[in-house]
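See structure below.
The values are calculated or read from the model by the stated rules, or taken from the named source; none is laboratory data. Just so it is clear, the model here is predicted, and its values are computed rather than measured. A quick note on method: Cβ atoms are made from the backbone with ideal geometry, for glycine too, and the neighbour counts reach across all protein chains shown.
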């Protein structure tokens with residue numbers, strides 16, 4: 001039986017959220033947030049788990065008192081694992097995947113790391129590969145492996161706090177961990193190399209119920225003791241889930257946030273290039289999904305320098321007429337233009353101006369289009385998350401890809417997708433997404449701009 005109200009714990013890289021979702025239409029009844037600040041250590045930069053846990057318990061109490069909560073689901077960013085001791089407590093703080101520490105042992109780790117052909121997981125910087133995290137952590141603290149009873153992926157860490165039950169989920173394991181073979185649907189050979197086979201719990205489907213909330217949680221929050229907690233899902237795959245359930249292939253979903261992740265469903269088969277930050281994600285159903293990503297939200301924060309007015313048509317026309325362009329990459333550690341340095345072509349617009357916002361939106365759309373080409377995109381493109389409200393971005397994406405581009409309904413796509421884990425999938429209907437059609441007179445301008453942007457890239461590489 002589908003619950004009426006679903007509380008979604010949604011831990012993104014930038015913010016931690018608790019979202020109450022109405023199961024009838026996946027609308028958001030209430031959203032509360034707190035920054036996902038990173039603590040400096042010791043022993044290494046780590047997430048403020050205790051702060052989040054207090055925030056979430058208080059939020060569950062307040063939302064239940066105001067609206068009622070019938071089920072709980074969890075979605076989190078990837079590249080994150082929790083090491084638990086025999087009592088279920090953290091054996092060590094949860095490493096921030098942006099910490100560069102694991103790079104120090106990259107050569108050693110490479111000796112046991114499986115090839116891309118096995119895992120679909122590219123070699124990434126810092127701790128973006130969970131396998132690299134674990135290898136480095138065990139070397140930093142020689143007693144940690146022995147103190148670690150269980151290793152869980154991040155959604156299941158929160159589910160374990162709620163239920164006392166441990167598990168892993170296929171979407172989080174399939175998120176460039178190096179630990180999963182998406183072709184076979186099994187753990188990769190790295191598990192033996194790290195000597196952790198006995199520390200890995202069962203792999204569950206995201207919608208499976210791990211158990212009811214613990215009695216202490218029920219007492220503190222006022223929730224019914226039988227409130228079910230679903231296993232949980234990686235956030236980009238949560239964004240993808242509603243479309244897999246309700247749309248016919250081929251199509252692609254662009255999930256935007258700190259990361260912009262493009263995922264192709266039923267597209268043209270291509271040879272993925274890990275050097276371009278292309279990889280294989282694993283859907284909630286356990287099937288491989290060619291994907292590519294870059295840190296678009298982080299780039300947005302860095303390049304725009306803060307809020308700016310919405311660009312007008314005149315602002316956009318001026319940027320394109322003067323061929324004001326930003327070449328990648330603002331965050332050079334990730335994305336299809338990894339290792340390249342950001343460069344302005346033409347007069348750089350001032351920070352805080354609408355023209356800078358317009359130029360950067362064009363940049364983001366062109367990098368997204370490159371990601372889509374690299375994964376064999378075909379069919380429509382559905383954009384969800386913050387960029388779904390950026391008209392300049394959406395219009396350039398439509399012009400650059402030649403595809404039908406849709407702005408997803410709703411604000412927090414990850415939360416809606418995670419809420420679906422507690423719903424009957426047969427009830428899911430295609431959302432009323434808004435198609436973005438650039439004005440006819442602007443399409444040629446956008447395409448000319450995109451071609452010139454590519455020409456500058458080609459000339460730079462000579």
| message | Please go through region 430-453 and give me each residue that is under 31 Å from the mean Cα position of the chain (by Cα), in a helix (DSSP H, G or I) and either outside the structural domain of residue 324 (by TED's automatic domain parsing) or touching a residue at least 40 places away in the same chain (Cβ under 8 Å) (or both), ordered by number. | response | 443, 446, 447, 449, 450, 452, 453
| message | I need the full set of residues from region 107-135 which are under 21 Å from residue 184 (Cβ atoms) and without any contact (Cβ under 8 Å) to a residue 40 or more places away in the chain, in order please. | response | 115, 117
| task | Starting from region 6-34, keep only residues that are free of Cβ contacts under 8 Å to residues at least 12 places away in the same chain, then list their pairs with residues that are in a strand (DSSP E or B) and surrounded by fewer than 22 Cβ atoms within 10 Å (Cβ to Cβ) whose Cβ atoms are within a distance under 6 Å, requiring at least 6 positions of separation or different chains. | result | none
| field | Criterion violated by residue 271 - all others in (1) free of Cβ contacts under 8 Å to residues at least 40 places away in the same chain; (2) under 30 Å from residue 172 (Cα atoms); (3) buried (at least 21 other Cβ atoms within 10 Å of the Cβ) satisfied | value | (3)
| task | Check region 53-63 and report whether any residue there is farther than 19 Å from residue 213 by Cα, modelled with pLDDT of 95 or more and assigned by TED's automatic domain parsing to the domain that holds residue 157. | result | no
| said: Tell me yes or no: at least one residue of region 403-418 is modelled with pLDDT of 90 or more, loosely packed, with under 14 Cβ neighbours inside 10 Å and in contact with a strand residue (DSSP E or B) (Cβ under 7 Å, 6 or more places away or on another chain). | reply: no
| Residues (in contact (Cβ under 8 Å) with a residue 60 or more places away in the chain and surrounded by fewer than 23 Cβ atoms within 10 Å (Cβ to Cβ)) located in region 50-70 | 53, 57, 61, 64, 65, 67, 68, 70
| remark: Flagged in region 327-343 as touching a strand residue (DSSP E or B) at 6+ places or on another chain (Cβ under 6 Å) and farther than 21 Å from residue 122 by Cα, in numbering order, are 327, 343
| helices (runs of 4 or more DSSP H) contained entirely in region 162-257, each with at least 1 residues that are modelled with pLDDT of 95 or more | 170-173, 190-194, 215-221
| field | Among the candidates 249, 197, residue that is without any contact (Cβ under 8 Å) to a residue 24 or more places away in the chain and either farther than 26 Å from residue 409 by Cβ or surrounded by fewer than 24 Cβ atoms within 10 Å (Cβ to Cβ) (or both) | value | 197
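Out of everything in region 22-36 that is touching a strand residue (DSSP E or B) at 6+ places or on another chain (Cβ under 8 Å) and assigned to a loop (DSSP other than H, G, I, E, B), what residue ends up being nearest to residue 2 (Cα to Cα)? Spell out the reasoning first.
The first filter runs over region 22-36 and keeps only residues touching a strand residue (DSSP E or B) at 6+ places or on another chain (Cβ under 8 Å), leaving 22-23, 27-36.
Next, only the ones that are assigned to a loop (DSSP other than H, G, I, E, B) stay: 23, 36.
Values: 23: 7, 36: 31 Å.
Here the answer is 23.
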